[in-house]
Every structure is written in C-alpha cells, then in structure tokens.
Amino acid sequence: MRKTLLLSITLLALTACAKEPQTLQCTTKPIQLPLHFIDKPIDFGQERIAMTKAYIRQHYGKKVNDITITPKIIVLHWTAEMSFDKSFNRLKPQKLLTDRKDIAKASQLNVSAQFLVDRDGTIYRLMPENWMARHVIGLNYSSIGIENVGGKGNKAEDLTPAQLRSNIALVRYLKEKYPTIKYLIGHYEYTQMESTPLWLERDKGYRTVKADPGPKFMSDVRKAVAELKLKMPPQDK
C-alpha cells in the first residue's frame with residue numbers, strides 16, 4: 001500500500017518553473033513548498049543485499065558488512081521508458097533482466113535507484129536513501145540516483161516541467177539532509193569523474209555510453225540550485 005510521506009523540511013529557495021509545456025526554463029522566484037513523496041519499495045531482500053556486497057567487493061575492492069553509503073554525489077537519469085509501470089518494473093526485481101546483456105557480465109545484480117520521478121512530477125522513493133543502488137558505473141558507492149520516466153528511445157530530451165520541479169526539490173532536500181553531497185551530475189557525465197577520488201571501478205573495460213538525462217535538463221537543474229554550489233564533474237581535456 002502506498003504510503004505518502006510528508007517531509008517537514010521547507011524548501012525556502014525552491015525555484016519556480018515556467019508552466020508552458022514546451023519549455024523547461026525556470027524563473028528564479030523563490031517559493032515555499034514542503035516536499036512530498038511516496039514510498040514504493042522495489043524488491044530488496046537478502047539476495048539483493050548479498051549481490052550488492054559482492055558487487056562492492058568485485059568492482060570496488062571493499063569488503064563491507066552492510067551496504068550503507070555516505071552520499072557525496074547526486075546523479076540524474078532517465079529510464080528510456082515512457083511508462084511509469086514499465087520503468088518501475090525494470091527496477092523492481094532483485095536480479096538483472098535478460099535484455100541487459102551490456103552489463104550482465106559485470107554482475108547479475110539488478111539496476112536500481114533511490115528515487116523515481118513520474119511524468120507528472122510525483123516522486124517515489126524506491127529504497128533506503130543511504131543504501132547502495134546500482135545506477136552508475138564507478139560511483140555507486142558514493143551516489144544517490146534519481147531516475148525520471150522518459151527519454152524515449154534513450155535519445156529524446158522529453159522530460160517534463162513537472163519532473164524538472166521535482167528534481168530541483170529533491171536535490172535541495174538531499175543536499176540539506178546529507179551535507180556530504182558535493183557533486184551534481186548527469187548520467188552522461190559519469191566518466192568525467194574518473195579523475196576524482198570518488199571513482200572506484202577496478203575493471204577498465206566496464207563502461208557504457210549514456211545520454212541521460214540530457215544537457216538541457218541538467219543545465220536547468222543546475223541553474224535553479226546554483227546557490228548550493230554543487231560541483232560539476234571535471235571537464236574533459
């Protein structure tokens with residue numbers, strides 16, 4: 001049963017966005033809005049926890065007793081699905097789906113993210129925020145992932161103004177809750193983090209090419225939360 005969680009945090013500087021559907025541009029007018037989200041857990045039992053520990057050991061060289069992380073990065077994504085149900089059902093199982101041959105050799109641990117944002121802006125929390133999710137190569141052990149329903153064909157920059165507002169709200173909430181967060185990146189920028197101490201991937205051949213959530217969306221989120229002073233990844237030389 002879905003349980004709506006009303007957070008008491010008031011986002012004093014949440015940026016208001018233009019209402020026109022054809023644009024994601026935001027104004028800088030501050031509004032006050034408590035953050036609402038719905039807890040909708042994916043399957044995260046002992047099997048997934050054990051696979052997560054094995055992933056950490058294999059890919060990051062760390063033997064851990066639990067899968068809690070210290071968040072230092074927020075990574076924004078799109079699901080490449082236009083349906084919430086299809087997006088959720090890809091993340092829900094503990095084991096990787098059979099069509100993910102591109103990453104299956106690295107682990108049978110299914111992909112996941114801490115949050116999923118629907119087209120109408122509804123925010124769903126899928127798992128504990130400080131548990132490691134498999135959503136970004138090399139950086140899972142220090143990052144919180146926000147998935148957005150959309151990105152048709154894994155190419156279209158079609159995320160909605162409502163999703164933009166929700167991502168801005170989530171970034172603000174997470175930064176306030178976890179002061180250790182220093183970076184805000186798009187999934188397509190993840191390899192630029194290889195020059196930082198946060199990059200842990202040991203397999204030099206384990207990389208994928210990503211486009212999500214699109215440069216325009218990232219630019220709009222970054223402009224809206226500029227006062228948080230979250231870092232971009234180092235620029236490629």
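Residue by residue, here is whether (1) under 21 Å from R125 (Cα atoms); (2) out of contact with any Pro (no Cβ under 8 Å at 6 or more places or on another chain) holds:
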{"site": "L159", "(1), (2)": "yes, no"}
{"site": "E176", "(1), (2)": "yes, yes"}
{"site": "H187", "(1), (2)": "yes, no"}
{"site": "P213", "(1), (2)": "yes, yes"}
{"site": "S219", "(1), (2)": "no, yes"}
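Can you report the number of residues in segment 68-109 which are within 29 Å of L159 (Cβ to Cβ) and either free of Cβ contacts under 8 Å to residues at least 12 places away in the same chain or among the β-branched types (V, I, T) (or both)?
15
Mind checking whether some residue in segment 78-97 is of a type in the set (S, T, N, Q), within 30 Å of L228 (Cβ to Cβ), surrounded by fewer than 18 Cβ atoms within 10 Å (Cβ to Cβ) and in contact with a helix residue (DSSP H, G or I) (Cβ under 9 Å, 6 or more places away or on another chain)? Quick ask: steps written out before the conclusion?
Taking segment 78-97 first, the residues of a type in the set (S, T, N, Q) are 79, 83, 87, 89, 94.
With the extra rule that they be within 30 Å of L228 (Cβ to Cβ), the set shrinks to 79, 87.
Now restrict to residues that are surrounded by fewer than 18 Cβ atoms within 10 Å (Cβ to Cβ): none.
So far as segment 78-97 goes, no, none of its residues is of a type in the set (S, T, N, Q), within 30 Å of L228 (Cβ to Cβ), surrounded by fewer than 18 Cβ atoms within 10 Å (Cβ to Cβ) and in contact with a helix residue (DSSP H, G or I) (Cβ under 9 Å, 6 or more places away or on another chain).
If a residue has to be crowded, with 17+ Cβ neighbours inside 10 Å and more than 23 Å from P128 (Cβ to Cβ) to count, how many in segment 159-192 make the cut?
The number of residues fulfilling the criteria is 10.
Starting from segment 29-57, keep only residues that are more than 19 Å from N140 (Cα to Cα) and basic (K, R), then list their pairs with residues that are at pLDDT below 95 and surrounded by 13 or more Cβ atoms within 10 Å (Cβ to Cβ) whose Cβ atoms are within a distance under 8 Å, requiring at least 6 positions of separation or different chains.
K29/T15; K29/A16
Quick one: is G138 out of contact with any Phe, Trp or Tyr (no Cβ under 7 Å at 6 or more places or on another chain) and either part of a helix (DSSP H, G or I) or surrounded by 21 or more Cβ atoms within 10 Å (Cβ to Cβ) (or both)?
No.
The values are calculated or read from the model by the stated rules, or taken from the named source; none is laboratory data. What you see is a predicted model; the values in this text were computed from it and never measured. For neighbour counting, all protein chains shown are included, and Cβ atoms are generated from backbone atoms with ideal geometry for every residue, glycine included.
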